[in-house]
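> The structure is given below, and queries will be raised subsequently.
Computed from the coordinates by the stated procedures, all read-outs in this text should not be read as laboratory data. Quantities reported herein were computed from a predicted structural model and do not represent experimental measurements. Methodologically, a virtual Cβ is constructed for each residue, glycine included, from the backbone with ideal geometry; neighbour enumeration extends over all protein chains shown.
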Amino acid sequence: MTSTADLSATEPVLRDFGGGPFGIYIHVPFCATRCGYCDFNTYTAGELGTSASPQSWLPALRGELASAAELFGALPSAQPAVSTVFVGGGTPSLLGGDGLAEVLDAVRANFTLAADAEVTTESNPESTSPRFFERLREAGYTRVSLGMQSAAEHVLRVLDRTHTPGRAVAAAREARAAGFDHVNLDLIYGTPGETDADLDASLDAVLAAGVDHVSAYSLIVEDGTAMARKVRRGELPAPDDDVLAARYERIDARLAAAGLTWYEVSNWAATDSARCRHNLGYWDGGDWLGAGPGAHSHLGGVRWWNVKHPARYADRVTHGGLPAAGWEQLTPEEQYTERVMLTVRLRTGLPLTALTPPARTTATRIITDGLARLDDNHLTLTPRGRLLADAVVRALLT
């Protein structure tokens, strides 16, 4: 691991970069309020004061993208076309349609987008409108991901979410009406106080919205969050593993019956084209540039990460170069570990040829235990194996 001052030294080890899909992730670090379960690199206006704002962030983003394009220009291989762009956060929709159009313009000014590029933005339902979605389509966005979490008001209250229960479904319909073929709704299950009936109501709402993609994540109480403090004080119970497993099975059954098939442990899509190509790039060990405060990049086995605070980020960019806090070249062992951790979660499975001889022996035992099966020489998780995916990974890496 090295400091940002040495980032130019990555050029010799970036020679393996290129040849595969290349994505760009843009991190928008701003939120109107902080959700109690969230440990992402985000900031409210009250937390930032006058030190940073979207108005100072956007020029810094342009500067970082220009510096990154300059770095790529020094590499021996030609800069690849960008196959996916993903604007996440935080709450990108706080920028408004015009602001998000400027973000995509900044990408286009420094990189070439592939003709069939997937361009996604996350959005909070409360900061969207029909005109917002129309503006995104005009700008060139092809996909929207909406944070729904739950259709139960009391569950949203526990999560400190500010949108009303029906707003996410309404926003999804507005996005479809604006011309988005690909719309995702995010769910969180296992929140303290959530019942089976609450989950069923959320699934009813998701399916009624007519979206072609659903992401569903079990609630994880992260250290340092407001929710973790409430659990520690006994104000909220910790999520129950058995309940989480039962809820996952319930979600999978309902979505499968509606024609949405799992393609990653926490993601379901109606068709192959509805799958999130950008996230598949992460899970398949692809290359991506991360821009914005705290964003991570991975290119040709080299990883770097930006400084986190928006004010410090803008200051770094203003004074020239990339705002990296540090970088590392992944060893073959580290690359192997990450491939096992990520690829085994995919429906397409992990090729047995990618495993070490001891891990192939372990894979045989995992199959015997009913946690996976062999499909075309790929280790693919069974429904029970998906519930124990972390245990499968640990076993393969032991």
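> Just the projected area, averaged over all directions, of the convex hull on the alpha carbon atoms of the chain: how many nm²? Could the numbers behind the result be given before it?
Numbers: hull surface 77.9 nm².
Orientation-averaged projected area of the Cα hull: 19.5 nm².
> How high is the FRET efficiency from Thr33 to Ala238, r the C-beta distance, R0 35 Å, rounded to 0.05?
0.90
> If contacts are Cα pairs under 8 angstrom and at least 6 residues apart, what is the relative contact order of the chain in percent? Walk me through the intermediate numbers first.
On the way: 729 pairs, mean separation 73.7, N = 398.
Value for the chain: 19 percent.
> For segment 230-308, which semi-axes, largest first and in whole Å, follow from the square roots of 5 times the eigenvalues of its Cα gyration tensor? Write out the running numbers ahead of the final one.
Working: eigenvalues 182, 124, 18 Å².
Working through the eigenvalues yields semi-axes of 30, 25, 9 Å.
> Follow-up question, since we're still on this one. Would you kindly derive the ³J(HN,Hα) couplings of segment 392-398 from the backbone phi angles with the Karplus curve 6.51 cos²θ - 1.76 cosθ + 1.60 (θ = phi - 60°), listing them in order in whole Hz, with x for Gly and Pro?
Here the 3J(HN,Hα) series is 4, 4, 4, 5, 5, 9, 7 Hz.
> So, one more: If a paramagnetic tag sat 7 Å from the Cα of Glu134 along the Cα-Cβ line, which residues of segment 89-120 would have the backbone N under 15 Å from that point?
Under cut-off, by backbone N: 97-98.
> So for segment 285-366, averaging the separation of alpha carbon pairs under 8 Å that are six or more residues apart and normalising by length, what relative contact order in percent results?
Details: 85 pairs, mean separation 16.1, N = 82.
With pairs under 8 Å counted, the relative contact order is 20 percent.
> Could I ask something else about it? What are the semi-axes of the equivalent ellipsoid for segment 56-199, taken as the square roots of 5 times the Cα gyration tensor eigenvalues, largest first, in whole Å?
Values: eigenvalues 219, 52, 39 Å².
Taking √(5λ) for each eigenvalue gives 33, 16, 14 Å, largest first.
> Now for a different question. Testing the spin-label approximation: label points 7 Å from Cα along Cα→Cβ at Ala246 and Asp196. State their distance in nm.
0.6 nm
> Okay, moving on. Using the beta-carbon distance between Asp116 and Asp376 and R0 = 35 Å, what value does 1/(1 + (r/R0)^6) give for FRET efficiency, to the nearest 0.05?
On the way: r = 27 Å, r/R0 = 0.76.
Between Asp116 and Asp376 the formula returns 0.85.
> Here is a follow-up. R0 = 51 Å: FRET efficiency of Thr318 with His154, Cβ-based, nearest 0.05?
Numbers: r = 46 Å, r/R0 = 0.89.
About 0.65, to the nearest 0.05.
> Suppose the chain between Arg229 and Leu48 were pulled fully straight at 0.36 nm per residue; how much longer would it get relative to their current alpha carbon spacing?
On the way: separation 181, 0.36 × 181 = 65.16 nm, distance 2.25 nm.
The span from Arg229 to Leu48 would gain 62.9 nm if fully extended.
> So, one more: Any idea what the dipole of segment 267-347 comes to, in debye rounded to 20, about its Cα centre with Lys/Arg Cβ at +1 and Asp/Glu Cβ at -1?
Working: 9 positive and 8 negative charges, 56 e Å.
Charge dipole of segment 267-347: 260 debye, to the nearest 20.
> Could you check the spin-label model distance between Ala81 and Tyr217? Points 7 Å from the Cα along Cα→Cβ, value in nm.
According to this spin-label approximation, the distance is 3.1 nm.
> Let me ask something additional. PRE reach from Phe40 (point 7 Å along Cα→Cβ): which of segment 223-248 fall under 16 Å by backbone N?
225-226
> What residues of segment 168-186 lie in the reach of a label at Thr271, counting those whose backbone N is under 16 Å from a point 7 Å from the Cα along Cα→Cβ?
176-177, 179-184, by backbone N distance to the label point.
> Still on this structure, I have one more. Can you compute log10 of I(q)/I(0) for segment 340-398 with the Debye formula, treating each Cα as one identical point scatterer, at q = 0.19, 0.22, 0.30 Å⁻¹?
-0.53, -0.73, -1.56
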